[in-house]
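The values are calculated or read from the model by the stated rules, or taken from the named source; none is laboratory data. The structure displayed is predicted, hence computed values, not measured ones. Here the Cβ is made from the backbone with ideal geometry for all residues, glycine too, and neighbour counts use every protein chain on show.
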There are 2 protein chains.
Amino acid sequence: MNQPTLASLATELGVSRQTVSNVLNFPDRVRPATRAHVLEAIERSGYRPSAAARALRSQRAMALGLRLSQRRNGISGTIVDGFMHALVQRADQRGYRIVLFPAATNDEEVDKLIELRRSLAIDACILTDTWYGDTRPAELAEEGVPFASFGRPWDGVDHGRWADVDGRAGAREATNHLRGLGHRRIGFIGWADGSPVGSDRRAGWVEALGLDPAGADALTVEGDDSVLAGAQGMAELLGRGADAAVCASDTLSLGAFTETRRRDRGDVRLVGFDDTPISRTLGLDSIRQPVEEVAAEVLDMVLAQLADPETRFEGRLVRPSLVTHERPDFLAT
Amino acid sequence: MNQPTLASLATELGVSRQTVSNVLNFPDRVRPATRAHVLEAIERSGYRPSAAARALRSQRAMALGLRLSQRRNGISGTIVDGFMHALVQRADQRGYRIVLFPAATNDEEVDKLIELRRSLAIDACILTDTWYGDTRPAELAEEGVPFASFGRPWDGVDHGRWADVDGRAGAREATNHLRGLGHRRIGFIGWADGSPVGSDRRAGWVEALGLDPAGADALTVEGDDSVLAGAQGMAELLGRGADAAVCASDTLSLGAFTETRRRDRGDVRLVGFDDTPISRTLGLDSIRQPVEEVAAEVLDMVLAQLADPETRFEGRLVRPSLVTHERPDFLAT
């Protein structure tokens, strides 16, 4: 690799190495005329200042940090992967790369982001998987690390630097779809982990049915995010007279589906979340999350902060949509 | 962010700014005694040289480039995503980050990698999705960009800087598994795109059955990688008297499964590739690719090149394994 260096450039340009270095790293120390002359000569020479030199000079890495989301069961995990794909594509169109790293905890994530930013390896970052009591936004703001988040702050200060999917609206739509098909006792199969996303989805189901708390509890079952929990939850709901269910995920919906098949209850309809390959294959209806739109929003937000750190933001709720599928032949009976 | 700068450090240390800068960027220009003194003082001060300064000094970015694989159907696409997850985790343990970027073509990928390397944004790169006539290895070698590849060179020079899954051995194992269960006319459902991975898998099936070319053709069907093609292929194979099939992917196996269900041919067994969530859910047997092992191998290879650019390598074939699943209750009938 015979790339020009500061030294070879200086020789070529007939100026001191220090002058070239100063033009790149401390341009305010060089007289404007000299600076213009050297920059022009540098450009003519075909020399491309390294990203490292450019980062030192401009304090811009042209890169955004993103924690690799934990690899989950491969069903709902596709949502965060889908978001990441969309973000990488969008960022590239704006000249930014995505720097991926793992972290076992939120604290480790914040530490790594601060270090990456301090060392000019990234300019800003994108958060995902927000939760109650999430201290990451405050910590990053205090350290001056620009950020935007896929996921709203579920409590505390609303920093406005977020875009999220309106799961409540999605669950309302799922419920109304089932009502429109004539179902009258529509249950909810959710997560027992108290997750804000799960609670939000359940709230949409409650709203659509106009249930009081006791009525809602009577038609709710909760467990972990597994096929087995979905099957058990459906069995429980059928025992309580449910004739349909909104599920917090396609994993649960798949489990619920296995139970309706086992009991030969083809009349029981389900709607899950995430429009995964599995639900498409089995012909299960689902709520699709527009991750491309979320990626575009959060990217706009971090780039706006880089342009003007004082920019104020308002969070953006993006509406998901119901996707219905035909039941495939092989499950027709 | 009140981080120390070269200037504030120089003031603090009572040396010229230029000396500090030289120690970081051109250490060979500074007398060893001075260099040691300044470095020690820098360390004591708690100053952490920025990644950019460090990259300029050491020519190391501590980052590896990886093209974001095209988002495919979400079934087989999980393999490359799984590899990426494993790579990010492993690289982190060695102090490296992954820089993700998209590319529409191999040429664009190579251009971006060369630019990223030239600008010290990455030290090396990982390739995926190798194909016949793949010019990326030669181009990167010529530009001095260290690389290793998930996927062998299917023709041309064997650069040895690769690890790959032995799909042929996997298909042999799948076929022998079906033979062991008593099947005698085992077909192959593959891809019509002439892909090297697909041909390799078919070769394993041919080997296990000891077929001559005509016999192999008689039991082979090929199409695109879709559920529909799998169903059509299975219908065709059943017409030719097949009683089982090895499928080049779980997508095809799923399609084939829908056809056996439709015809009530529960006696026909299938083995697919990739052990996807769908095959696990439907209880379909599959060949699992050990992407974690591949990630570890290619990471070792690029780090060895960074330590010694003259290192010679031999490609590593990693053996996949058959994973069998119980047929779930809901498909029992």
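Observations on the model:
- The residues in region A:259-268 that are facing another protein chain (nearest Cβ under 10 Å) and buried (at least 20 other Cβ atoms within 10 Å of the Cβ) can be counted, and the count is 3.
- Of everything listed in (1) hydrophobic (A, V, I, L, M, F, W, C); (2) over 30 Å from A:ASP123 (Cβ atoms); (3) under 24 Å from the mean Cα position of the chain (by Cα); (4) in a loop (DSSP other than H, G, I, E, B), the single unmet condition for A:ALA242 is (3).
- The C-beta contact set for region B:210-225 (first residue in the same structural domain as B:GLY272 (by the TED database), second residue part of a loop (DSSP other than H, G, I, E, B), distance under 6 angstrom, 6+ apart or interchain) comprises B:GLU222/B:ALA192; B:GLY223/B:ALA192; B:ASP225/B:SER249.
- B:GLY74 at pLDDT 60 or above and outside any strand (DSSP E or B): no
- Pairs are defined by a Cβ separation below 6 Å, a sequence spacing of at least 6 or placement on different chains, a first member in region A:114-141 that is within 14 Å of chain B (Cβ to nearest Cβ), and a second member that is of a type in the set (Lys, Arg) and not in a loop (DSSP other than H, G, I, E, B); no pair meets this definition.
- Here is the figure for region A:219-252: residues that are at pLDDT below 95 and within 19 Å of A:ARG172 (Cβ to Cβ) total 3.
- Selection status of B:VAL271, away from chain A (no Cβ under 14 Å) and modelled with pLDDT of 95 or more: yes
- Filter result (assigned to a helix (DSSP H, G or I) and more than 10 Å from chain A (Cβ to nearest Cβ)) within region B:77-102: B:ILE79, B:VAL80, B:PHE83
- Condition met for B:ARG288 (in contact (Cβ under 8 Å) with a residue 24 or more places away in the chain and buried (at least 19 other Cβ atoms within 10 Å of the Cβ)): no
- Checking A:VAL302, A:VAL246, A:VAL291 one by one, the residue that is under 30 Å from A:VAL99 (Cα atoms), of a type in the set (Val, Ile, Thr) and in contact with a Phe, Trp or Tyr (Cβ under 6 Å, 6 or more places away or on another chain) is A:VAL291 and no other.
- Test: residue in region A:170-181 that is among the polar types (S, T, N, Q) and assigned by the TED database to the domain that holds A:ARG265: yes
- Scanning region A:94-114 for residues that are surrounded by fewer than 17 Cβ atoms within 10 Å (Cβ to Cβ) and farther than 21 Å from B:HIS85 by Cα gives A:ARG94, A:GLY95.
- Region B:33-48, residues that are of a type in the set (Val, Ile, Thr) and either in a loop (DSSP other than H, G, I, E, B) or at pLDDT below 75 (or both): B:ILE42
- Selection count where residues are buried (at least 20 other Cβ atoms within 10 Å of the Cβ) and closer than 30 Å to A:ALA121 by Cβ, scope region B:131-166: 13
- Selected residue [on the phi > 0 side of the Ramachandran plot and free of Cβ contacts under 8 Å to residues at least 24 places away in the same chain] from A:ASP264, A:ASP275: A:ASP264
- Which listed residue, of B:ALA174, B:ALA163, B:ALA216, B:ALA208, is among the aliphatic types (A, V, I, L, M), touching an Asp or Glu at 6+ places or on another chain (Cβ under 6 Å) and modelled with pLDDT of 95 or more: B:ALA163
- Checking B:ASP28 against (1) more than 8 Å from every other protein chain (Cβ to nearest Cβ); (2) out of contact with any Leu (no Cβ under 9 Å at 6 or more places or on another chain); (3) modelled with pLDDT under 75; (4) not in a helix (DSSP H, G or I), the condition it does not meet: (4)
- Entry remark, region A:173-207: residues being touching a residue at least 40 places away in the same chain (Cβ under 8 Å) and among the acidic types (Asp, Glu) number 1 in total.
- Tallying residues that are touching an Asp or Glu at 6+ places or on another chain (Cβ under 6 Å) and assigned to a loop (DSSP other than H, G, I, E, B) within region B:103-130 yields 1.
- A single member of B:VAL227, B:VAL246, B:VAL206, B:VAL197 is in contact with a Leu (Cβ under 9 Å, 6 or more places away or on another chain), surrounded by 16 or more Cβ atoms within 10 Å (Cβ to Cβ) and closer than 26 Å to B:ARG152 by Cβ, and it is B:VAL246.
- Given (1) among the small types (Gly, Ala, Ser); (2) assigned to a helix (DSSP H, G or I); (3) under 26 Å from A:ASP224 (Cβ atoms), index of the condition A:GLY190 fails: (2)
- Here A:ASP134 meets each of (1) closer than 20 Å to B:LYS112 by Cα; (2) among the acidic types (Asp, Glu); (3) assigned to a loop (DSSP other than H, G, I, E, B) with one exception, condition (1).
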